[in-house]
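Take a look at the structure set out below.
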Amino acid sequence: MLTASAGCSTGESPSVEPAFSLAPPVALASPAAVNSGEPFVHAASDGTVLISWLEPADSAHALRFARLTGTQWSEPRTIASSSTFFVNWADFPSIVELADGRLAAHWLARSGPGTYAYDVWIAFSDDDGVTWSEPVRPHDDGTQTEHGFVSLFETAGAPAAVWLDGRNYADHDGMPASNEMTLRFTTFDADGRPVNGSRIDARVCDCCQTAVAVAASGPILAYRDRSADEIRDISISRLVGGAWTDPVTVHDDEWQINACPVNGPGIDADGNSVAVAWFTAAQDTARVRVAFSDDSGATFHDAIRIDLGNPVGRVDVIMLDGSRALVAWLERTGGTAEVLARTVSTDGTLGDPLSIGGSSAERASGFPRMARAGSRIVFAWTVPGTEAAIRVSAIRLLADE
């Protein structure tokens, strides 16, 4: 592990001091229909925010999106719709804007009768989502196994994706099943076809989200790894010179668990500054932690604990500047849970926790997401129930006092 000493050497919470002021959250109307879920948010280059979600559509599901300008949503548009969609609280679709203005989106569809037999599908739009290209799969193994937990991004001017790939859970290429999840990568050519596919890691945690940020040196991938003796800590790999570096553990939590916790990391970058946030329950103590890097992810400083003592996890993180980040997560409060956010600095200083909104610790509550557009940060999350709803809220960053 590449770790340098900085901040709180114990990895536990330092005393709370004001750092970066956050205005109280303001609730926004949601563009999603009743019983929608699995939201994802992305900040576009023009200051607007894209949100995608899944909603029921007759006997099928539809992947839809809308664009937030100020406090007004565009009319929702459908990216894809099918009765074969794989709809899951933890493995959710996404939408991103590319540097040339095109949109890229991914979703999941069943490939066979098995519970977790499903494929990744990716499509592109050059008219702001009015029409979409014929979807393609980034993988070509043809096995009826799990393919998901996708991160879409861009590298060297080309769209790219990483995903968890379960092809080794089936007999494949003359080899017997090894029951080990792999982590894979591909870019896409100008026609939207996958090219230059490769394997990043041969053994990773089975169903934790991946996350990618683009730092000054290039893309950095964060994910939950899996050692031979079932240590499932967070690793990163950097795309350098067209190849992924060997995985490096961000912090040695030593969380040994013989099952997937379904609780992936978040990552964001601002130039050479990188923040990784994650959940761990090592030593039977649930924590949400953050670690910073000031060299584009080559090394990381000591972990800083930011939760209030009873976290569910399901984190997201945004770099606010070169030395401060905002972390969002779910925290149990009594018999329910809240979406919380707080700032954390590289020196370990924590801002006051801010309640973004009520949710639930149930699986159906999914993963709160956030995206920054200028001084505003937009949050989206699911409130489960008989009439499940996607909630949207925004906060503004205020200058230090």
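The values are calculated or read from the model by the stated rules, or taken from the named source; none is laboratory data. These figures come from a predicted structure and were not determined experimentally. Every residue, glycine among them, receives a Cβ derived from its backbone with ideal geometry; neighbour counts consider all protein chains shown.
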Picked from the stretch 234-264 (must be closer than 21 Å to residue 366 by Cα and surrounded by fewer than 22 Cβ atoms within 10 Å (Cβ to Cβ)), the residue nearest to the chain's Cα centre (by Cα) is 262
Identify all residues within the stretch 190-214 that are closer than 30 Å to residue 255 by Cα and in a loop (DSSP other than H, G, I, E, B); write none if there are none.
205, 206, 207, 208, 209, 210
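Could you pull out the residue among 178, 151 that is within 19 Å of residue 227 (Cβ to Cβ) and either out of contact with any Lys or Arg (no Cβ under 8 Å at 6 or more places or on another chain) or at pLDDT below 95 (or both)?
On the way: 151 fails: within 19 Å of residue 227 (Cβ to Cβ).
The conditions single out 178.
For (1) part of a loop (DSSP other than H, G, I, E, B); (2) within 20 Å of the chain's Cα centre (by Cα); (3) modelled with pLDDT under 95; (4) under 22 Å from residue 366 (Cα atoms), each residue gets a yes or a no:
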position	(1), (2), (3), (4)
46	yes, no, no, no
51	no, yes, no, yes
62	no, no, no, yes
81	no, no, no, yes
89	yes, yes, no, yes
96	no, yes, no, yes
101	yes, no, no, no
Selection count where residues are assigned to a strand (DSSP E or B), more than 19 Å from residue 211 (Cβ to Cβ) and either of a type in the set (Phe, Trp, Tyr) or without any contact (Cβ under 8 Å) to a residue 12 or more places away in the chain (or both), scope the stretch 357-397
0
Counting only residues that are more than 19 Å from residue 38 (Cα to Cα) and not basic (Lys, Arg), the stretch 130-152 contains a total of 15
Looking only at the stretch 237-292, filter to residues that are outside any strand (DSSP E or B) and among the β-branched types (Val, Ile, Thr); which one of those is farthest from residue 199 (Cα to Cα)?
285
Could you check the stretch 108-189 for strands (runs of 3 or more DSSP E) lying wholly inside it with 1 or more residues that are polar (S, T, N, Q) and free of Cβ contacts under 8 Å to residues at least 60 places away in the same chain?
118-125, 181-188
